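J.: The structure is given below, and queries will be raised subsequently.
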Amino acid sequence: AGLKLNVFDAYINVIGGLRLDEPGADLPVALAIASSYRDTPIADDLVAIGEIGLTGEIRSVSHMNQRLSEAARLGFQKCLIPRGGSEKLEIPAGLTVYRVRNIREAIEAALDGVSAFSLRSVQHEDETNYIHYEWVVNLIG
């Protein structure tokens with residue numbers, strides 16, 4: 001994803017002593033590291049869900065509909081999720097879903113694209129209520 005992290009030591013602290021054995025936590029942890037590296041905050045209303053493969057692809061995780069419902073219930077307005085996945089998604093009202101293919105797209109969307117996109121009043125949604133990453137790039141580029 002273009003981040004030169006090999007010269008840094010990374011320490012991830014999970015509050016409350018939780019165990020992070022949930023694959024869906026891969027993407028949020030990676031975004032937190034990228035945010036720290038770039039010294040750029042992630043928007044307070046953005047949540048991310050996804051597993052990261054060895055080549056940087058973002059993989060789908062189980063129970064995505066439940067996860068999206070919970071994100072909306074907690075007040076999040078934007079959500080990054082994997083582009084792939086076989087589960088038919090039901091997007092809760094008030095939640096905008098951004099689908100990304102790999103960690104590079106996720107970092108760009110979380111730290112650059114989504115915040116810039118949210119400043120515009122234009123929204124392009126297809127019939128499934130997804131805003132695809134390419135459209136976000138086109139809107140802010």
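The values are calculated or read from the model by the stated rules, or taken from the named source; none is laboratory data. All values reported here derive from a predicted model rather than from experimental measurement. Cβ coordinates were reconstructed from backbone atoms using ideal geometry, including for glycine residues, and neighbour counts include every protein chain displayed. Just so you know, the surface numbers come from the protein's heavy atoms only, side chains and all, with ligands and any DNA or RNA stripped out. Shrake-Rupley method; radii C 1.70, N 1.55, O 1.52, S 1.80 Å.
J.: Please specify each residue of region 83-107 satisfying the condition of being under 16 Å from D26 (Cα atoms) and touching a helix residue (DSSP H, G or I) at 6+ places or on another chain (Cβ under 8 Å).
T.: Hits for region 83-107 are R83, R99, V100, R101, I103, E105, A106, I107.
J.: Continuing with the same structure: For region 18-118, which fully contained strands (runs of 3 or more DSSP E) count at least 3 residues that are farther than 20 Å from K4 by Cβ and open to solvent by less than 20 Å² (accessible area, probe 1.4 Å)? Write out each step before concluding.
T.: Numbers: elements: 46-48, 78-82, 96-100.
Strands (runs of 3 or more DSSP E) meeting the threshold: 78-82, 96-100.
J.: Also, quick follow-up: Test E70 against the stated conditions and say whether it is more than 13 Å from the chain's Cα centre (by Cα) and acidic (D, E). Steps first, answer last, please.
T.: Values: more than 13 Å from the chain's Cα centre (by Cα): yes; acidic (D, E): yes.
Yes: the conditions hold for E70.
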